Amino acid sequence: MALCLVTGGAGFIGSHLAEALLRQGDAVRVLDNFSTGKEENVECLTAPGLPPDRFELMRGDIRDFDTCRKACAGVDRVFHQAALGSVPRSVADPITTSAVNIQGTLNMLVAARDARVKRFVYASSSSVYGDRPAAPGEEAAPPKVESQIPNPQSPYAVSKLTGEYYCRVFYTIYNLQTVSLRYFNVFGQRQDANSAYAAVIPRFITALLRERPATIYGDGLQSRDFTYVENVVRANISAASATWAVLGEPFNIACGERITLNELYARLAALTGTSTAPLYAPPRAGDVRHSRADITRAAQVLGYQPRTTLVEGLRKTTEWFTQHLNRTGCNSTARKI
């Protein structure tokens, strides 16, 4: 049994990862300041069937080094999910994005190094690639591969790429075993639909369920490689025990497929049984036109394969939001430290 620290474990991805670790027999410590994390996600981590004696909740901020040091004490593996997400939010407030995503990550790396953590898995982002225009006659740009030179186009993307560079340096200089996972548009149950910076899939689903028009920024022909959250969780667990070939390196975590926002909206409208047409607004600053991953390297080195397809993930997510739209909580408690 390993003691795993999940920073941002009260968040969408972090809570799914923490739950999976508990179910496989590990002990889990969650560090979260609840700026975007939710109490009901923590409640889900101590629901019936999960061992309460192997779960700890630590309230704190990764911008505080002493908090990071305490969180890493005795830990075998760190899954660093804590971040201030959203490209638009970073455009509006680049200073806070930098403080959380860059300084916070550096704090965690130093604390993990000093605590002799065995492995540090870092949640990066496909945004580090930026835009790559399609060639003449092509509908979209080719898939993004890890050897491609990064071209961040938002403060958020810069912050995530800086975290990757720090992870690589901490491996090469301090021998802290780090792995960076570049997530491509993760979606699934528990994702926040109510934030001003909510991701597109929960925004679309909740609007359609309420028979209200959702907003598409741009013409809707921009495409994304949407990745169901369970695939991301498996990638993290694989990265925590993969061979030395992964150390210091980034890997694309996605499905390797693309869908336009117009097509996505139509699929979700069919799943929700509604026909409300979307609204269109001007494109947002920092958004890329097309994003699709080449996942060959993750398959070869991490053994990663997306088990849940986009179609199946959308079905599961729509069902969950249909059942949970007006209720929250798992009616349980967590031990706090």
Taking region 14-28 and keeping residues in contact with a Gly (Cβ under 8 Å, 6 or more places away or on another chain) and either surrounded by fewer than 24 Cβ atoms within 10 Å (Cβ to Cβ) or assigned to a helix (DSSP H, G or I) (or both) leaves G14, S15, H16, L17, A18
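Residue-by-condition table, conditions (1) out of contact with any helix residue (DSSP H, G or I) (no Cβ under 9 Å at 6 or more places or on another chain); (2) farther than 18 Å from A115 by Cα:
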position: V30; (1), (2): no, no
position: V42; (1), (2): no, yes
position: A47; (1), (2): no, yes
position: P52; (1), (2): yes, yes
Any chance R23 is more than 26 Å from Y174 (Cα to Cα), charged (D, E, K, R) and in contact (Cβ under 8 Å) with a residue 24 or more places away in the chain
yes
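Yes or no, residue by residue, for (1) in a helix (DSSP H, G or I); (2) closer than 27 Å to G60 by Cβ; (3) free of Cβ contacts under 8 Å to residues at least 24 places away in the same chain; (4) out of contact with any strand residue (DSSP E or B) (no Cβ under 6 Å at 6 or more places or on another chain):
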position	(1), (2), (3), (4)
A82	no, yes, no, no
N107	yes, yes, no, yes
F120	no, yes, no, no
I149	no, no, yes, yes
C167	yes, yes, no, no
V179	no, yes, no, no
One residue from A134, A112 being aliphatic (A, V, I, L, M), modelled with pLDDT of 95 or more and outside any strand (DSSP E or B):
A112
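Residues S195, S275: which one is out of contact with any Pro (no Cβ under 8 Å at 6 or more places or on another chain), farther than 21 Å from K316 by Cα, assigned to a loop (DSSP other than H, G, I, E, B) and not hydrophobic (A, V, I, L, M, F, W, C)?
That would be S195, the only listed residue that is out of contact with any Pro (no Cβ under 8 Å at 6 or more places or on another chain), farther than 21 Å from K316 by Cα, assigned to a loop (DSSP other than H, G, I, E, B) and not hydrophobic (A, V, I, L, M, F, W, C).
Matching residues to (1) in contact (Cβ under 8 Å) with a residue 60 or more places away in the chain; (2) small (G, A, S); (3) over 30 Å from V117 (Cβ atoms); (4) buried (at least 21 other Cβ atoms within 10 Å of the Cβ):
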{"site": "S238", "(1), (2), (3), (4)": "yes, yes, no, yes"}
{"site": "T243", "(1), (2), (3), (4)": "no, no, no, no"}
{"site": "T276", "(1), (2), (3), (4)": "yes, no, yes, no"}
{"site": "I295", "(1), (2), (3), (4)": "no, no, no, yes"}
Given the residues R203, R212, which is the only one that is within 30 Å of S275 (Cβ to Cβ) and in a loop (DSSP other than H, G, I, E, B)?
R212
Pairs needed: first member in region 199-225, of a type in the set (K, R); second member anywhere, part of a helix (DSSP H, G or I); C-beta distance under 9 Å; at least 6 residues apart or different chains.
R212/T206; R224/S126; R224/V200; R224/L261; R224/L264
Given the conditions (1) surrounded by 23 or more Cβ atoms within 10 Å (Cβ to Cβ); (2) of a type in the set (A, V, I, L, M); (3) at pLDDT 95 or above; (4) over 17 Å from S159 (Cβ atoms), which single one is not true for L45?
(3)
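The values are calculated or read from the model by the stated rules, or taken from the named source; none is laboratory data. Please read these numbers as outputs of a predicted model, since none were measured by experiment. All Cβ positions, even for glycine, are placed from backbone atoms using ideal geometry, and neighbour counts span all protein chains on display.
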